[in-house]
Amino acid sequence: MLKKKSSTHGQNISKSMSYETFGRMMFLDGELQIAAADAYIYNQSMVSPLIEAGNSLNNVAILGGGDGGVLYELLKHNPGSVTLIDIDKEVINTAKKYLKDICFDAFDDPSVTIINDDANTFLDEKHDFDAIIYDLTMHPESFINVDREIYLDGIFSKIKDNLKMGGVLSLQCCSQFDATTRGIITGILNKHFSDVTFKKSYIPSFCVSWVFASAKRK
């Protein structure tokens, strides 16, 4: 699981908050990924664009999402099949053991296929999904040797190619204060997709409103 959040305003405050406040929390590379008490806000924000679009959900992919929260929320809507692609098997195993309040038994659902691979590599295979949820980082600088904008443009181009016409993309973007990332993602989404929409959800454990987006394949 590539860490999906960085440059979170108020991150140090989040680290000092207690278990009694937010329940179990997952940190990767020192950064908060999700907290049990308000995980539902993040997860619903990621899944709701798929439901609101009213499209078929026969075949859905989640890129990242190793904590299982988005997967659990998606399964409430009875998709035909879900493929979760996360490079970090250890994160999934940790979630199964320690984050039951977030993932519940989602990983054991018979409609779910787990693939431990790099999502970027997986997308090279050209699948045909009704919807894709991007639950990965917008800050891949620690593992790439190219410009961040070039990398993100490439992976979102692949996402477009893996969606059916009219298929829905949902993604997490950044803190409301990260104007640079918001600008990059806006340009990339408008280049490759239509019906681009942004919304904000306040997530207490992040101490900030988080920006989410959705779009459709042209």
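General observations
- Meets criteria (charged (D, E, K, R), modelled with pLDDT of 95 or more and either assigned to a loop (DSSP other than H, G, I, E, B) or over 20 Å from residue 215 (Cα atoms) (or both)) for residue 130: no
- Here residue 70 meets each of (1) surrounded by 13 or more Cβ atoms within 10 Å (Cβ to Cβ); (2) more than 25 Å from residue 143 (Cβ to Cβ) with one exception, condition (2).
- Residues in the stretch 1-51 that are of a type in the set (D, E, K, R) and either at positive phi or modelled with pLDDT of 85 or more (or both): 4 in all.
- Candidate set from the stretch 134-170 (those that are β-branched (Val, Ile, Thr) and in a loop (DSSP other than H, G, I, E, B)); member that is farthest from the chain's Cα centre (by Cα): 146
- Of the residues making up the stretch 75-102, those that are closer than 20 Å to residue 59 by Cα, of a type outside the set (A, V, I, L, M) and touching a helix residue (DSSP H, G or I) at 6+ places or on another chain (Cβ under 7 Å) are 77, 86.
- Some residue of the stretch 114-125 being out of contact with any helix residue (DSSP H, G or I) (no Cβ under 9 Å at 6 or more places or on another chain), surrounded by fewer than 16 Cβ atoms within 10 Å (Cβ to Cβ) and in a helix (DSSP H, G or I): yes
- Some residue of the stretch 200-209 being under 15 Å from residue 134 (Cα atoms) and among the hydrophobic types (A, V, I, L, M, F, W, C): no
- Residue check, residue 100 basic (Lys, Arg) and either surrounded by 23 or more Cβ atoms within 10 Å (Cβ to Cβ) or more than 27 Å from residue 143 (Cα to Cα) (or both): yes
Here's the yes/no breakdown for (1) in contact with a Lys or Arg (Cβ under 8 Å, 6 or more places away or on another chain); (2) among the β-branched types (Val, Ile, Thr):
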residue	(1), (2)
68	yes, no
75	no, no
79	no, no
83	no, yes
115	no, yes
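- Out of 146, 82, 112, one residue alone is more than 18 Å from residue 169 (Cα to Cα) and touching a strand residue (DSSP E or B) at 6+ places or on another chain (Cβ under 7 Å). It is 112.
- Qualifying residue in the stretch 143-163 (condition: farther than 27 Å from residue 54 by Cα and in contact (Cβ under 8 Å) with a residue 60 or more places away in the chain): yes
- Residue among 158, 199 that is more than 18 Å from residue 46 (Cβ to Cβ) and of a type outside the set (A, V, I, L, M): 158
- Restricted to the stretch 75-104, and to residues there that are more than 19 Å from residue 46 (Cβ to Cβ) and without any contact (Cβ under 8 Å) to a residue 60 or more places away in the chain, the residue that is farthest from the chain's Cα centre (by Cα) is 97.
The values are calculated or read from the model by the stated rules, or taken from the named source; none is laboratory data. In this text the structure is predicted, and so the values were computed from the model without any measurement. Here the Cβ is made from the backbone with ideal geometry for all residues, glycine too, and neighbour counts use every protein chain on show.
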